[in-house]
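Chemist: Can you keep this structure in mind? I'll have questions shortly.
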Amino acid sequence: MSIWSRIGDAIAALREGQGLASVFDAFRTPPERSAAFAIAVIALGAKMAKADGLVTRDEVTAFREVFHIPRAQERNAAKLFNLARTDIAGFEEYATRIRAMFEGESEALSDLMEGLFYIAMADGTYHPSEEEFLRRVAEIFGFDERRFRRYRALFVPGAERDPYDVLGVAADAPLGEVRAAWRQMVRDSHPDRMMARGVPEEAVKLAERRLIAANRAWEEISEARG
C-alpha cells in the first residue's frame, strides 16, 4: 500500500471523529512509518501555515518538491492539509505524538525538522511566527538550542552560521573528532540510510542541503586549522 493510500486512511479517521494525532499511534513500524512521515510533514506544515496566517503558492510548490504526489492523490493530500489546519488538536500534540512514534531515532525527527524549514522558507521570508513554531517543535523533539541554530543556518539566508554548529561539535574539538562528525553526517545523508529511518523515497532530496552544508563546514574548519 502506497503512502498516499494511507493518507486516505487518515482522512477517513478524521471524518469518523478521530483526531489526526491518534493516527500517528497506528504507524509505528515500517512501511507505515514512511506514510506517517509524509502525514507528519503535511500535518505540521498545515499547523505552521495556520500560525503564519496564510498558505502561499510557494509553500505548496515547496511541498511538491519534497513529495512527488501522484495526480490521483492530490485531492487527498489537499484534504488532509485542510483538515489538519482545522483539527482541534494543537501542533504541540501532533509533535508529541510524532516524537513518540520515532522514539530513540532522533535522525528521523531531524529529517522532519529539515522538511518543515524547507517549506517555511519557500516564500523567501522567515516570519517570527514560523521561528516560534519551529523552535517549539524542535524543543518537543528533544533538540537543544545549538541543534535548532543548525537547522536555521541551513535554510535561512543571513542566519548566523557556525561551521561547528553545522557539524554538531565543540569549537575546540580535536580535528579527528570534527572529521568523524563530518563523515557521519555524510553517511546519514545517504538515501538508503534515510529510507531506513522511515523517510519516503520521495523525500530523500531533503538531504541535499544538509550534505552541501556539511562539506562546506568541514572545508572551512580544515582550512582554518591548516
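Chemist: Taking R0 as 25 Å, what FRET efficiency do you get between Ala170 and Glu103 from their Cβ-Cβ distance, rounded to the nearest 0.05?
Modeler: Details: r = 27 Å, r/R0 = 1.08.
Computed FRET efficiency for Ala170 and Glu103: 0.40.
Chemist: Determine the gain in length on full extension of the stretch Ala159-Gln184; use 0.36 nm per residue of separation and subtract their C-alpha separation, reporting nm with one decimal.
Modeler: Full-extension gain reported as 6.6 nm.
Chemist: Sticking with this structure for a sec: For Arg135 and Arg193, calculate 0.36 nm times their separation in residues minus their Cα-Cα distance, and state this gained length in nm to one decimal. Don't jump to the answer; show the numbers that get you there.
Modeler: Details: separation 58, 0.36 × 58 = 20.88 nm, distance 2.59 nm.
Working it through step by step, the gained length comes to 18.3 nm.
Chemist: With a 10 Å Cβ neighbour count serving as the proxy for reagent exposure, in which order, fewest first, do Thr96, Thr86, Thr125 appear?
Modeler: Working: Thr96 17, Thr86 9, Thr125 12.
Fewest-to-most ranking of Thr96, Thr86, Thr125: Thr86, Thr125, Thr96.
Chemist: Now for a different question. Counting other C-beta atoms within 10 Å, and keeping those with at most 16, which DSSP coil GluC sites (Glu not before Pro) do you find in region 104-163? Each step should come with its number before you reach the end.
Modeler: Numbers: sites: Glu105, Glu107, Glu114, Glu130, Glu131, Glu132, Glu139, Glu145, Glu160; in loops: Glu105, Glu160.
Of the GluC sites (Glu not before Pro), the ones in loops of region 104-163 whose Cβ has at most 16 other Cβ atoms within 10 Å are Glu105, Glu160.
Chemist: For region 136-226, which trypsin sites (Lys or Arg not before Pro) are in a loop by DSSP, counting at most 14 other Cβ atoms within 10 Å? Let's see the in-between values first.
Modeler: Values: sites: Arg136, Arg146, Arg147, Arg149, Arg150, Arg152, Arg161, Arg179, Arg183, Arg187, Arg193, Arg197, Lys205, Arg209, Arg210, Arg216, Arg225; in loops: Arg161, Arg197, Arg225.
Those satisfying the criteria are Arg225.
Values quoted throughout were computed directly from the atomic coordinates according to the rules given, and no laboratory measurement underlies them. Values in this document were obtained by computation on a predicted structure and should not be read as measured data. Positions of Cβ are generated from backbone atoms using ideal geometry, with glycine treated the same way; all protein chains shown enter the neighbour counts.
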